[in-house]
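In what follows, a single structure is set out as structure tokens and then discussed.
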Amino acid sequence: MSMEAISAFDIFKIGIGPSSSHTLGPWRAALLLLEQLRTQQQLSAVSAVRVLLYGSLAKTGRGHGTDIAVQMGLLGADPVIFPTAQIPSQLKTIAVQQSLLLGGVHEISFDPQADIEYLITESLPFHSNALSFLVTLAGGVNFSRTFYSVGGGFVVQEGESATIAKKVELSFPFSTAQELQHWCMKTGLSIFEIMMENELAWRNEQQTSDQSDRIWAVMSESIFKGCHTRGILPGGLEVVRRAAELNKKLLKGRSYSTVEEWTACVKAGGHGFNYTLDWVSCFALAVNEENASFGRVVTAPTNGAAGVVPAVLQYYLSFCEANNKQSITSFLLTAAAIGIIFKQGATLSAAMGGCQAEIGVSAAMAAAGLTEVMGGTQRQVLMAAEIAMEHHLGLTCDPIGGLVQVPCIERNTMGAIKAIMASQLALQSSPDLAKVSLDAVVKTMWETAKDMNHKYKETADGGLAINVPLSLPEC
């Protein structure tokens with residue numbers, strides 16, 4: 001059977017903050033443009049490139065670093081491995097010299113102030129997050145390429161399918177929770193095992209486990225780094241980083257030098273409710289403070305919601321008496337299965353669905369992953385995901401100043417706590433008695449997204465963004 005196929009590692013992508021749709025997506029769009037120029041042997045013939053940003057990308061692009069992303073993409077920098085500390089110097093060089101090494105090899109004139117245009121009153125019909133590259137070749141030939149950043153770092157080029165379909169055959173294809181449950185009932189396999197079988201369409205089992213380890217390594221590093229970095233977040237809001245101070249307070253002077261030793265110190269503090277709650281908040285704060293600082297995080301399923309899944313997985317490893325690679329892979333692949341269902345049945349884009357599409361989906365993913373590794377049945381896993389999203393329905397996206405900071409960072413702590421509670425409820429419940437299915441919630445989320453006023457879809461035109469009196473360069 002052939003159908004749209006989404007890998008777990010389409011849902012979990014390593015990238016640079018602060019936004020998967022406004023930073024990572026435009027960055028990847030620029031890389032796609034470079035790839036096309038190379039394929040057509042036109043790269044060395046380019047004399048100029050202009051970038052037009054539309055809709056939500058225009059309205060909150062500066063706060064989300066869209067201008068930074070397109071410049072880094074045009075340079076050919078890889079967001080997975082490019083040293084984040086070198087980004088400011090690269091941008092300064094472009095601004096001072098008013099030129100850019102296209103693809104890292106071909107110099108063109110480029111003035112970020114003039115060549116990146118924010119069309120805040122214009123939107124393209126397919127998606128709110130649209131950008132066009134206007135390319136001029138030697139001899140005066142002009143053409144354009146338009147891309148849509150559709151959420152979670154996924155990019156669609158105008159004129160192509162809106163899906164990210166892969167021409168592969170999946171062992172157990174699914175796009176809904178009912179279809180996933182069908183395969184589980186037919187085979188007796190867990191959701192994790194179904195996902196592992198499907199991932200064989202792209203790579204062998206060991207490679208999937210290795211990639212899961214790499215994803216967790218980046219997540220873990222973002223937690224650890226965020227827990228040890230103080231200062232003020234960039235962008236003008238003057239938001240003070242809190243994770244490091246909370247980390248210090250909770251550890252009460254315990255010493256360590258590695259991530260493993262730090263985790264042992266976290267465990268040594270006990271399992272009290274307040275203590276555990278504080279650490280879950282700290283883990284989530286740490287990741288999203290890193291994200292807001294243009295640090296490297298894992299899109300899970302977006303950057304704005306990047307702290308929920310790592311916080312819940314770190315909670316499991318720290319407080320649930322388990323720490324092995326199998327559990328990490330099982331957690332992540334199960335979480336990804338839920339992300340795939342929401343991707344195919346609704347949206348992962350706050351610009352299309354509000355924050356329910358980001359924090360809501362990430363909480364559902366984390367709840368499912370935790371329920372899986374805690375020994376829940378397949379139906380309890382789906383129930384946990386349903387509970388988590390049910391209580392995020394209608395959540396708006398109203399970033400103050402167009403920055404992924406307020407209320408975004410704290411929302412990750414809320415999402416992580418809700419995910420844990422959803423898992424606990426599911427583990428202590430019988431799915432036979434549930435009144436709401438995961439598919440009903442996915443459908444409801446999408447209907448809510450379509451009904452939601454555009455002001456509450458990552459435009460900074462409504463909600464907290466206009467009711468908090470702050471003096472900012474962009475609002």
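Overview of values
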quantity: Criterion: buried (at least 22 other Cβ atoms within 10 Å of the Cβ) and modelled with pLDDT under 90 - qualifying residue of Ser149, Ser161, Ser128; calculated: Ser128
quantity: Looking only at the range 429-456, and only at residues there that are out of contact with any helix residue (DSSP H, G or I) (no Cβ under 7 Å at 6 or more places or on another chain) and of a type in the set (Asp, Glu), the one that is farthest from Asn467 (Cα to Cα); calculated: Asp432
quantity: Meets criteria (within 27 Å of His64 (Cβ to Cβ), more than 14 Å from the chain's Cα centre (by Cα) and at pLDDT below 95) for Ile400; calculated: yes
quantity: Selection status of Leu43, farther than 19 Å from Gly152 by Cα and buried (at least 24 other Cβ atoms within 10 Å of the Cβ); calculated: no
quantity: Pick from the range 265-292, criterion crowded, with 21+ Cβ neighbours inside 10 Å and of a type in the set (Gly, Ala, Ser), ranking: farthest from Ser220 (Cα to Cα); calculated: Ala292
quantity: Some residue of the range 255-264 being under 20 Å from Ala416 (Cβ atoms), in the same structural domain as Glu193 (by TED's automatic domain parsing) and in contact with a Lys or Arg (Cβ under 8 Å, 6 or more places away or on another chain); calculated: no
quantity: Number of the exception - Leu348 against (1) part of a helix (DSSP H, G or I); (2) surrounded by 24 or more Cβ atoms within 10 Å (Cβ to Cβ); (3) touching a Pro at 6+ places or on another chain (Cβ under 9 Å); calculated: (1)
quantity: Among (1) under 24 Å from Ser175 (Cβ atoms); (2) in contact with a strand residue (DSSP E or B) (Cβ under 7 Å, 6 or more places away or on another chain) - the single one Tyr456 does not satisfy; calculated: (1)
quantity: Per-region count, the range 105-121, residues buried (at least 17 other Cβ atoms within 10 Å of the Cβ) and without any contact (Cβ under 8 Å) to a residue 12 or more places away in the chain; calculated: 0
quantity: Residue identified as among the hydrophobic types (A, V, I, L, M, F, W, C) and touching a Cys at 6+ places or on another chain (Cβ under 8 Å) among Ala440, Ala419, Ala460, Ala384; calculated: Ala460
quantity: Among (1) buried (at least 24 other Cβ atoms within 10 Å of the Cβ); (2) modelled with pLDDT of 95 or more, the one test that Gln424 misses; calculated: (1)
quantity: Qualifying residue in the range 454-466 (condition: more than 21 Å from the chain's Cα centre (by Cα), of a type in the set (Val, Ile, Thr) and more than 19 Å from Ala292 (Cβ to Cβ)); calculated: yes
quantity: Qualifying residue in the range 198-213 (condition: buried (at least 17 other Cβ atoms within 10 Å of the Cβ), in the same structural domain as Gly354 (by TED's automatic domain parsing) and of a type in the set (A, V, I, L, M)); calculated: no
quantity: Lone unmet requirement of (1) within 23 Å of Ser175 (Cα to Cα); (2) out of contact with any strand residue (DSSP E or B) (no Cβ under 6 Å at 6 or more places or on another chain); (3) among the small types (Gly, Ala, Ser); (4) modelled with pLDDT under 95 for Ser21; calculated: (2)
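The values are calculated or read from the model by the stated rules, or taken from the named source; none is laboratory data. Quick caveat: nothing in here was measured; it's all calculated off a predicted structure. Here the Cβ is made from the backbone with ideal geometry for all residues, glycine too, and neighbour counts use every protein chain on show.
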